[in-house]
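Here's the structure we're looking at; comments come further down.
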Amino acid sequence: MPLLFKVSLRIAGETEAAEDIVHDSFIKMNEKKMVFPSSNDAIFWLIRVVKNASLNYARRKKREQIVYQRALREDTRKVVSGETEYLRKEARQKTQAALKDLPENLRTVLVLREYGELKYKDIARILGITEGNVKIRVFRAREQLAALIGEDNVYLS
């Protein structure tokens, strides 16, 4: 009995579940009225039954946990207050206005990177410049945009 319990506990991970699995295994053996040539054969059969039942329990528990996590993630509702929406709208307007004030070469690179979500390599191909030059222009554009907007005045959340 202690050996079966240890096997089940290591696989199932819960004391109560391990006790139930071992108990159910003995009930199965008695219900089937199994006859074994030796006590070792009975022990090996019980170990196999306990192992399989414990693995089934662990798999079921893992599937249930995944389903619960999905349900929790799907049910996250965000309530946006009027103030939050206003601050976001204001931040968008400031950003768009400041974006118009950037030099054309910096604005183009930043728009392709941030709004177009293109990779540096793709932007370089489109504009016919090196990838390093694209990175430099994006960096400079972000710096100038932050200076124009004033980082403390933008609501980003």
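The values are calculated or read from the model by the stated rules, or taken from the named source; none is laboratory data. Just so it is clear, the structure is predicted and the values come from calculations on it, not from any experiment. No Cβ is skipped: glycine too gets one built from the backbone with ideal geometry, and neighbour counts run over all protein chains shown.
If the condition is being in contact (Cβ under 8 Å) with a residue 24 or more places away in the chain and part of a helix (DSSP H, G or I), then segment 11-45 contributes 11, 12, 17, 18, 21, 22, 24, 25, 43.
Residue 128 passes every criterion in (1) at pLDDT 90 or above; (2) surrounded by 13 or more Cβ atoms within 10 Å (Cβ to Cβ) apart from (2).
Looking only at residues in segment 1-53 that are polar (S, T, N, Q) and surrounded by fewer than 14 Cβ atoms within 10 Å (Cβ to Cβ), the one that is modelled with the lowest pLDDT is 39.
Of everything in segment 54-79 that's at pLDDT 80 or above and among the hydrophobic types (A, V, I, L, M, F, W, C), which residue is nearest to residue 1 (Cα to Cα)?
If we take residues in segment 54-79 being at pLDDT 80 or above and among the hydrophobic types (A, V, I, L, M, F, W, C), then 55 is nearest to residue 1 (Cα to Cα).
In the set 130, 95, only one residue is free of Cβ contacts under 8 Å to residues at least 40 places away in the same chain and out of contact with any Pro (no Cβ under 9 Å at 6 or more places or on another chain); that residue is 130.
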